[in-house]
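Q: What follows is a single structure, and I will ask about it in a moment.
The values are calculated or read from the model by the stated rules, or taken from the named source; none is laboratory data. Everything quoted here is computed from the prediction, not taken from an experiment. Methodologically, a virtual Cβ is constructed for each residue, glycine included, from the backbone with ideal geometry; neighbour enumeration extends over all protein chains shown. All accessible areas refer to the heavy atoms of the entire protein, side chains included, with ligands and DNA or RNA removed. Shrake-Rupley method; radii C 1.70, N 1.55, O 1.52, S 1.80 Å.
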Amino acid sequence: MKIAILGGTGSMGRLIARELRDDGHEVVITGSNPHTAERVARELDVEAAPTNVDAAKDADVVVISVPISVTEDVIREVAPHVPEGSLLTDVTSVKVRPVRAMLEHAPEGVYVLGTHPLFGPTVPSLRGQTVILTPTERSGPWIRRVRRYLERKGARVVETTPEEHDRTMAVVQCLTHAVLLAAGAAIGHLLPSLELDIEEVASPVYRLLMDVVGRIAGQDPRLYAEIQAFNPYGDEAREELLRALRRFHELAHDHNALTEYIAESRERLARELDLEACQRRTDKLLSYLSDEFRILQDGIEAILLDVYTNEALESEVTGDQDTIRLDNRELPRDRYKILPRNPKELAHFDGKVTVLEVRTGVDPEDVAAVVDALGRNLRALWAERRGERVRVEVEYASEESLEGLLRRLRALGLEVRVTR
């Protein structure tokens, strides 16, 4: 199948081109600069076309992957030239206007489908990623083909209308990006006036939030500005945010009134979100980060996984807040997941034994395997089912190792108690 990616020199266009090339498709790309398109095509081992029309006129699928502000212009340019029976689609973060433009300018025999990949171009694969599809009355057999292709790649596919997509993205993207980018702007003004080093006093949650703020602030400003400007429901979401922030500010000096306001907001949010699950998921992430630092301090055998390529490195590792040291090499800690390969030092056991009860429907042997995998300096001796619970006898080296296991199990959402 021949697939044209208009805007294939951009980061998302390159990701799509690589995925389709690896799946055996004939891929042709274009870019705003033909010389850049030729260079990128050589790097990706795909073809380059001199113009968008040249790429689209004999393609089976035409993917528009250009900035939101020029998407409709490119649609008007190429849609009349897409062959009958082919698919015209886009990957922009808004859907109402691009889908309307594709339906308006593409001939009747051309199929039209809106798509929105909900991930950035740095993901190592589509596995576990979410893609939204917005079918139209002219999507025909392509909706099934695209859905099957994405699901075979391991992606999670959600179908909705262009209008509902944009209403939802006004909350998921417009509102949350506005919160994070505005917070980043305010923090950037305030930090230089502080005498204390913020890293010395920052809580783990603050660091995590600042990483999210920094992640958004460090991306292409044009992309985030265009998401705000071109979502037709963005104004409504930002106005709601402003009303909430103004009310918060008005009540800031009346702690009783502010307490009540926060409690009311929590109750409304709890109708839509499982707040306890939110707590557990963030506890799990913070627990992982804490465990990772302890692995580096202890210097044990570990497996490093590159978060961008999934390349694995195995050796004894040490490190600090920023750096991993492995075989006389220094690697950036923020690029690798650190998994202990041999976390147990059984020779140091001193015979302490206890029994845990875990409320779960999982097979007892699997529970024992989880205990072995999560524990530091401990092991599961036996496991058996007792009604709704699994009893596990655990031998451990110290109270700290047992407490660490309990924290990790509870961070996974498991109900655990010590019975002996």
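Q: Leaving out ligands, DNA and RNA but keeping every protein chain, what accessible area does Leu381 have, in Å² rounded to the nearest 10, with a 1.4 Å probe?
A: In the full protein context, Leu381 sits at about 80 Å².
Q: Share of antiparallel DSSP beta bridges in the chain, in percent to the nearest 5?
A: Among the beta bridges of the chain, antiparallel pairing accounts for roughly 65 percent.
Q: Return the carbon/sulfur percentage of the accessible area of the chain, one whole number, probe 1.4 Å, all protein chains in place.
A: About 51 percent, which is the carbon plus sulfur part of the accessible surface.
Q: Please go through region 41-84 and write out the GluC sites (Glu not before Pro) that DSSP classes as loop and that have at most 13 other C-beta atoms within 10 Å.
A: Sites meeting the loop and neighbour criteria: Glu84.
Q: Rounded to the nearest 500 deg cm²/dmol, what is the calculated helix-only ellipticity per residue at 222 nm for the chain, with -39500 (n - 2.57) per DSSP H run of length n ≥ 4?
A: -14000 deg cm²/dmol
Q: Give the share of C-alpha pairs in each 10 angstrom bin for region 270-420, from 0 to the last occupied bin, in whole percents, shortest bins first.
A: Pair shares across the bins are 11, 35, 32, 19, 4, 0.
Q: Right, something else. Given the whole protein assembly as supplied and a 1.4 Å probe, what does the accessible area of Leu412 come to in Å², nearest 10?
A: Using a 1.4 Å probe on the heavy atoms, I get roughly 90 Å².
Q: While we're looking at this one, here's another question. Along region 242-253, what does the Karplus equation 6.51 cos²θ - 1.76 cosθ + 1.60 (θ = phi - 60°) give for ³J(HN,Hα), rounded to whole Hz, x for Gly and Pro?
A: Coupling constants for region 242-253: 5, 4, 5, 5, 4, 5, 4, 5, 5, 8, 4, 9 Hz.
Q: If eta is 0.692 mPa s and T is 37 °C, what Stokes-Einstein diffusion coefficient results for the chain, Kirkwood Rh from Cα pairs, in µm²/s?
A: The diffusion coefficient I find is 129 µm²/s.
Q: Further question on the same structure: Taking K and R as +1 and D and E as -1, what net charge do the other residues with C-beta under 14 Å from the C-beta of Tyr233 add up to?
A: Its environment carries a net charge of -3.
Q: Right, here's the next one. Just to make sure I understand: if all protein chains stay in place, what is the order of Ile262, Ile5, Ile16 by accessible area at 1.4 Å, largest first?
A: So, going from the largest accessible area down, we get Ile262, Ile16, Ile5.
Q: Could you list which residues have their amide H under 5 Å from that of Thr115, counting only those 5 or more apart in sequence or on another chain, with H placed in the peptide plane?
A: Correct list: Asp90, Thr92, Thr134.
Q: Now a separate question. So which GluC sites (Glu not before Pro) in region 299-330 pass both tests, a DSSP loop state and at most 16 other Cβ atoms within 10 Å of the Cβ?
A: Glu311
Q: Which order do you get for Ile338, Ile187 if you rank them by accessible area with a 1.4 Å probe, largest at the top?
A: Ile187, Ile338
Q: Could I ask something else about it? With a cap of 16 neighbouring Cβ atoms within 10 Å, and only residues DSSP puts in a loop, list the GluC sites (Glu not before Pro) found in region 364-405.
A: Loop-located and lightly packed - Glu388.
Q: Could you provide, to the nearest whole Å², the per residue accessible area of the chain with probe 1.4 Å?
A: I get 55 Å² per residue for this part.
Q: For region 334-340, just list the computed ³J(HN,Hα) in residue order, Karplus coefficients 6.51, -1.76 and 1.60, θ = phi - 60°, integers in Hz, with x standing in for Gly and Pro.
A: Coupling constants for region 334-340: 6, 9, 10, 8, 10, 10, x Hz.
Q: Now a separate question. Could you list which residues have their amide H under 5 Å from that of Ile324, counting only those 5 or more apart in sequence or on another chain, with H placed in the peptide plane?
A: Amide H neighbours of Ile324, under 5 Å, 5+ apart: Leu331, Arg333.
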